[in-house]
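What follows is one structure encoded as structure tokens, with my remarks underneath.
The values are calculated or read from the model by the stated rules, or taken from the named source; none is laboratory data. Computed from a predicted model, the values in this text were never measured in an experiment. Glycine also receives a Cβ, built like all others from the backbone with ideal geometry; neighbour counts cover every protein chain displayed. Ligands, DNA and RNA are excluded from the accessible area calculation, which covers all protein heavy atoms including side chains. Shrake-Rupley method; radii C 1.70, N 1.55, O 1.52, S 1.80 Å.
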Amino acid sequence: MLRIFLKIIVGSIYALNPVIGVFAQNSFSQPLFEYNAINHPVMGKSGMVASHNELSSEIAAEILASGGNAIDAGAALGFALAVTLPRAGNIGGGGFMLVHVAKLDKTIAIDFRETAPASANRDMFFDADGNVVLDETYRFSHKSSAVPGSVAGLAHIVQKYGTMSLAEVLEPAIRLARDGITVTYDLAADLARTQRLKNNPASLRKFYKPDGSNYEVGELFKQPDLAWTLSEIAEHGVAAFYSGSVAKKIVADMEAHNGLITMDDLVDYRVIEREPVQSTYRGYTIEAMPAPSSGGTHVIQMLNILENFPLAKMGSESSDALHVMAEAMKFSYADRSKYLGDPDFVEVPTKTLVSKEYAKDLAKRISMERALPSDEVAPGNLAIYESDETTHYSVADEEGNMVGNTYTLMFSFGSGVVIEGTGILMNNNMGNFTLRSDIPDAFGLMGSENNLISPNRRPVSSMSPVLVSRDGAPLLMTGSPGGSKIISANMQMVLNVLEFGMNIADAAVAPRIHHQWRPEVLEIESGISPDTVSRLIDKGHNINFSQRSAGMGSLQTVMWKDGIFYGYSDPRRPGAGAVGVD
Ligand code: DON
């Protein structure tokens, strides 16, 4: 009763005095299931899953409910999404996971990024005259694929930190592939519009009916070849994929179509455990993915810069707060273009990039009156040229384990190439390498010598799950697809919760902004007031408006606070869903 009374008092103070109100809103000490929100997270007593496919979230939640831990559920979810969300869920791609292992009291960064085949080289997408050729071969061919890491990555976590066997976590995916899934609106629309899947005979057979027509909503979609592949892995372990029956089919198909991946490339593939990049934001610990992902480094760099400004006081969605965020983004994306690369090949100055001192110096360069032109941040040039697809999911259990996985085929349906007889859709992540420092990558991102194609190198990525903890206890795991926008989307989720006191649902729905230094454009989603936007224009920002949409990423977030689990799937993409376990 007293609390309700206090809330009414605080509410009326907020109405009368926005500064005090913002302060109260920002205290972050209130329970997060209060009714002073527009969007509400899913809740659960003993676990939570948020992913881009509700059916797959349910499968992972069932594993939690029947005694598996978040790591078992996370691995099962990765395999299930390869069946239910074929445009991004995969076993033919790769990615990055953060695994918080409760019994070790430690967060481990799992790098299962694809590697360039041993015969790849920096000139492979240039013609004899030294001109870059960004044609079908570059984007949608066997040659566009790097060596996949997903099977090794998912197996690694379950075998090292899980409680179930690899065969057990593969079981739901095998069942879904063999018995079929019901075609949703999302899947039907996706397949109908992705014409290039019809160019490769194995892809045509996998994704369309025998007469070549599209699957309709409500029909059963079976993937028998994929069921075979998953069963081989269940029976013979990862060796099936990297040296056994599946590997042989991958290599044969590569040989038949000028692909570069050989048996040696598959045999040599390794998952790498790395130390997460780590920092703090207003007393909370932030852990995220280190290089070769740029994601974690630059989420932290932006937060470090922003910590120097009283953002909560300025107010969420105020022109001052948005201006400072845009400036912080510019500095971070400019540094990304210069410094990021595979740390096993080049020196990446991560320590400096995530240091509070460096962030302070950058913060001093931010003027509240005027947007810094990108040329004054660093030189470059740019054009954007493709659409994309990746997916993220987050899982939490009551032992305190959390898994965040962002993995990708790169573009929607990757290279569009299915390996004959396996149902494996291959990635086109060779496109994440830098071809030349004046040529932007597929997401318009600039890169340097550090990210040129080189045998066995891993291309720089933006993908990064982000874990927020407090006093050693994991609090929030989030992550997103969205190419270059992954970094800014993740940062805004953390900021909205920790700085602006939003629950994770409001934090996901809130309109987002994005500036990646090149092009010199501040992207703003609908929902920000036109008055605010005109103030930003006055400060010199070059604004590009968009609808609130899939283009700005799709955050899949779980939170564990005061014994209650919260989950929320970004509504920007259809078919996603958070499922709680009671
Ligand atoms: O690693 C990267 O940064 C890209 N391959 C991610 C692609 C992506 O997020 C596409 N998603 N919508």
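Key figures
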item	result
Inter-centroid distance (Cα atoms) of the stretch 318-376 relative to the stretch 31-95, Å	33 Å
Residue-by-residue Karplus 3J(HN,Hα) for the stretch 512-521, coefficients 6.51, -1.76, 1.60, Hz, glycine and proline x	10, 10, 8, 9, 10, 6, 10, x, 7, 9
Lys/Arg +1, Asp/Glu -1 at C-beta; the stretch 36-194 dipole; positive extreme among Tyr138, Leu55, Leu104	Leu104
Dipole magnitude of the stretch 195-234 about its Cα centre (Cβ charges: Lys, Arg +1; Asp, Glu -1), debye to nearest 20	180 debye
Solvent exposure, largest accessible area first (probe 1.4 Å, DNA, RNA and ligands not counted), of Lys360, Lys330, Lys313, Lys209	Lys313, Lys360, Lys209, Lys330
Per-residue ³J(HN,Hα) for the stretch 40-49, Karplus 6.51 cos²θ - 1.76 cosθ + 1.60, θ = phi - 60°, Hz, x for Gly and Pro	10, x, 6, 10, x, 8, 10, x, 7, 9
From the C-alpha gyration tensor of the chain, square roots of 5λ in Å	37, 29, 21
Using θ = phi - 60° and Karplus 6.51 cos²θ - 1.76 cosθ + 1.60, couplings along the stretch 282-296 (whole Hz; Gly, Pro as x)	6, x, 8, 8, 10, 10, 7, 7, x, 4, x, 7, 8, x, x
Computed accessible area, Lys248, all protein chains, 1.4 angstrom probe, square angstrom	130 Å²
0 to 90° range, to nearest 10: angle between helix 319-339 axis and the chain longest Cα axis	40 degrees
Per residue, in Å², the accessible surface of the chain once ligands and nucleic acids are set aside, probe 1.4 Å	36 Å²
Largest to smallest accessible area among Arg535, Arg572 [probe 1.4 Å]	Arg535, Arg572
Between 0 and 90°, nearest 10: helix 70-84 axis offset from the chain longest Cα axis	60 degrees
Reachable lysines, given that their alpha-carbon falls under 21 Å from the alpha-carbon of Lys351 and they are not under 8 places away in the same chain	Lys106, Lys330, Lys338, Lys360, Lys364
Surface share of carbon and sulfur [accessible, 1.4 angstrom probe, percent] for the stretch 57-147	45 percent
Amide H partners (placed H, <5 Å) of Phe125, local residues excluded	none
Relative contact order %, the stretch 108-259, counting alpha carbon pairs below 8 Å whose residues are six or more apart	25 percent
Helix 166-179 axis, angle to the chain major axis (alpha carbon atoms, nearest 10°)	80 degrees
The chain: relative contact order as a whole-number percent, Cα under 8 Å and 6+ apart	24 percent
